[in-house]
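Student: I am attaching a structure below and will ask some questions about it afterwards.
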Amino acid sequence: MIRRILLTGLALVALVAVVVGLSFISPLQRPETHVVQLPQTSRVTCVPAGGLLAVADSDLHTAEAGGSEGEASDGFVSQDTDGPTVVRSDGDAAAGVLITSGARTWVPCETPASSGMLFVADPSATELVLVNTDATEAAVDLTLYGPDGEISSVGARGIAIAPGVTRRVALSVLAADAGTDPVAVAFTSTPGRVAVLARAVEGSSEQHYATATTVAVEQVISGIPADGKNQKLLLSNPGVDRVDVTVQALGESGTYSPASTADVTVPALSTVVVGLGSDLGSEATALRITSPGEVGAAVVLDDQPGPPVTLVLTEASATLASAARPGWMIQLSNPGVHTVTANVEGAEDAKIIVRAGMTVTVPVAEDTDRVRVTADGELVGAITSGTSNGLIVAPLLTVGVADEPGRDASYDTNLR
């Protein structure tokens, strides 16, 4: 009994000694943390030849596809290009190509993507231009959706494009079954990315262009000018279920539902055309398209001298910009639920109030070559020209360097 008590006492004494000893051990010091600013470089590809115009809040660098960069430009570029050109900046840049040979038109520059969709009003006279400006080879698959469903096409899969290379694909061959009916062309690229542009085949007397867009359950297409009479809404459903689509117009007089878009349904794997006629009331307008499933959407303007203009969704932002010319119009639309006040550099009226669900237009000021919008809420918009020598619709794009704090980083002693 006494021996058991002594053993218990010795165990307690040993335990207390261990605890006291551990209390004198200093904890391991954590490595010192440092704030690291993450890179925010962006690149856009400008496919056609013409007058390249780009706006940014940081230095801009340009280079031919597969070539070396030239000297940096301080926030604005105006130069002629002979073909695919890459524009790089330390933030988001707004860039496009002004084409003046024949009737004028504007082609926005694109961020290379691994997937997307284009709308082609007349595939019989159109070709696709695929450009790989990355350092990785791309293999592109094309899927065509017509009014009667998916179009089976030989040669639409596995189109290999090496870095710095441009490939052309004739839609008149791939979409022979569609004739002159509009089609949507969905593309996927693995493992690289590509910029894809639809344009009239070489040798055509009148050029027309369409840039890529994405599918979404809600999107806003801005820049529809006033007094249009032959405007068409194109919708494509890449899914396997029929989709009902709701369309709202954000006009100068408020939000309303165009009569021609009531009860719009898009069958699976198909593309439909909705003629808007005069339903937009001769007002400058943006369209909000919503659906329970993802769809692609575009608006085709084809009632003015010059080539048709294809508009696709634009990203809403509180900071927008575009190149501009005196005499053009600034068109701002508010897709939100609160009134937005915008300061517009390059406008005759510097301060503009845009109420929820409405569109406002103001002229571009004299002696200016760019427009920049800074607002207290998100807007969408475009710069539009007159139609005497071809209509120009240059989307107002997100611009600037994101003001994001750096992230904490620490040295890992296990790294070699």
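The values are calculated or read from the model by the stated rules, or taken from the named source; none is laboratory data. Nothing here was measured: the structure is a model prediction, and the numbers come from that model. Every residue, glycine as well, gets a Cβ built from its backbone with ideal geometry; the counts of neighbours run over all protein chains shown. All accessible areas refer to the heavy atoms of the entire protein, side chains included, with ligands and DNA or RNA removed. Shrake-Rupley method; radii C 1.70, N 1.55, O 1.52, S 1.80 Å.
Student: Measuring from label point to label point, each 7 Å out along Cα→Cβ, what is the ALA139 to THR374 span in nm?
Tutor: Label at ALA139, label at THR374, 4.9 nm between them.
Student: A further question on this structure: Compute the helix-to-body angle for 2-23: its Cα long axis versus the longest principal axis of the chain, expressed 0 to 90° and rounded to tens.
Tutor: With both axes taken from Cα atoms, the answer is about 40 degrees.
Student: What percent does the relative contact order of the chain come to when contacts are Cα pairs within less than 8 Å and at least six residues apart?
Tutor: Relative CO of the chain lands at 17 percent.
Student: Which FRET efficiency value, to the nearest 0.05, do you get for THR180 and TYR256 by plugging their Cβ-Cβ distance into 1/(1 + (r/R0)^6) with R0 = 30 Å?
Tutor: The pair THR180/TYR256 has a calculated efficiency of 0.40.
Student: Report in % the part of the accessible area of the chain that belongs to carbon and sulfur, leaving out ligands and nucleic acids; probe 1.4 Å.
Tutor: Its accessible area is 51 percent carbon and sulfur atoms.
Student: In vacuum, with every alpha carbon of the stretch 280-334 counted as one equal point scatterer, what does the Debye formula give for log10 I(q)/I(0) at q = 0.13, 0.17, 0.21, 0.25 Å⁻¹? Two decimals, please.
Tutor: Those come out to -0.48, -0.82, -1.22, -1.45, one per q.
Student: Taking just the alpha-carbon atoms of the stretch 196-243, what radius of gyration and Dmax come out, in angstrom?
Tutor: When restricted to the Cα atoms of the stretch 196-243, Rg and Dmax are 14.6, 40 Å.
Student: Once the Cα atoms of the stretch 93-181 are picked out, what are the Rg and Dmax in Å?
Tutor: Rg, Dmax (Cα atoms, Å): 14.6, 39.
Student: Can you give the FRET efficiency to the nearest 0.05 for THR41 and ASP263, using r as the Cβ-Cβ distance and R₀ = 41 Å?
Tutor: The calculated FRET efficiency here is 0.35.
Student: Given axes a ≥ b ≥ c from the Cα gyration tensor, I'd like to know whether the stretch 117-227 is rounded (a/c under 1.5), prolate (a/b larger than b/c) or oblate.
Tutor: Note, shape of the stretch 117-227 comes out rounded.
Student: Defining a contact as two alpha carbons under 8 Å apart and six or more residues distant in sequence, what relative contact order in percent does the stretch 226-320 show?
Tutor: 38 percent
Student: Which trypsin sites (Lys or Arg not before Pro) in the stretch 96-194 sit in a loop by DSSP (not H, G, I, E or B) and have at most 13 other Cβ atoms within 10 Å of their own Cβ?
Tutor: Passing both the DSSP loop test and the Cβ count: ARG157.
Student: Between ALA160 and GLU315, 0.36 nm times their residue separation minus their Cα-Cα distance comes to what?
Tutor: Answer, rounded to one decimal: 52.8 nm.
Student: Lys/Arg Cβ at +1, Asp/Glu Cβ at -1, dipole of the chain taken about the Cα centre: which of THR310, LEU280, THR166 is farthest positive-ward?
Tutor: Most positive-ward Cα: THR166.
Student: For every other residue with a beta carbon closer than 12 angstrom to the beta carbon of GLU283, add +1 if it is Lys or Arg and -1 if Asp or Glu, then tell me the sum.
Tutor: Net charge around GLU283: -3.
Student: Considering only protein heavy atoms, what per residue accessible area in square angstrom results for the stretch 64-175 with a 1.4 angstrom probe?
Tutor: 42 Å²
Student: Moving to a separate point now. Take the alpha carbon atoms of the stretch 200-356, find their radius of gyration, then divide it by 2.2 N^0.38 Å using N residues; give the quotient.
Tutor: 1.09
Student: What is the extension gain from GLU345 to THR190, computed as 0.36 nm multiplied by their sequence separation minus the C-alpha to C-alpha distance, in nm to one decimal?
Tutor: Between GLU345 and THR190, full extension yields 51.7 nm more.
Student: While we're looking at this one, here's another question. Set the Förster radius R0 to 35 Å, insert the Cβ-Cβ distance between ALA49 and ALA356 as r into 1/(1 + (r/R0)^6), and round the FRET efficiency to 0.05.
Tutor: Efficiency, rounded to the nearest 0.05: 0.25.
Student: So, one more: Determine the gain in length on full extension of the stretch SER388-GLU71; use 0.36 nm per residue of separation and subtract their C-alpha separation, reporting nm with one decimal.
Tutor: Taking SER388 through GLU71 to full extension adds about 110.5 nm, to one decimal.
Student: I've got another one for you. Given Cα pairs under 8 Å that are at least 6 residues apart, what percent is the relative contact order of the stretch 301-388?
Tutor: In percent, rounded to a whole number, it is 40.
Student: When the helices in the chain are scored as -39500 (n - 2.57) per DSSP H run of 4 or longer and the sum is shared across all residues, what 222 nm value do you end up with, to the nearest 500 deg cm²/dmol?
Tutor: Helix contribution divided over all residues of the chain: -2000 deg cm²/dmol.
Student: Here is a further query. From the C-alpha coordinates alone, can you work out the Kirkwood hydrodynamic radius of the chain, in Å?
Tutor: Answer for the chain: a Kirkwood hydrodynamic radius of 23.5 Å.
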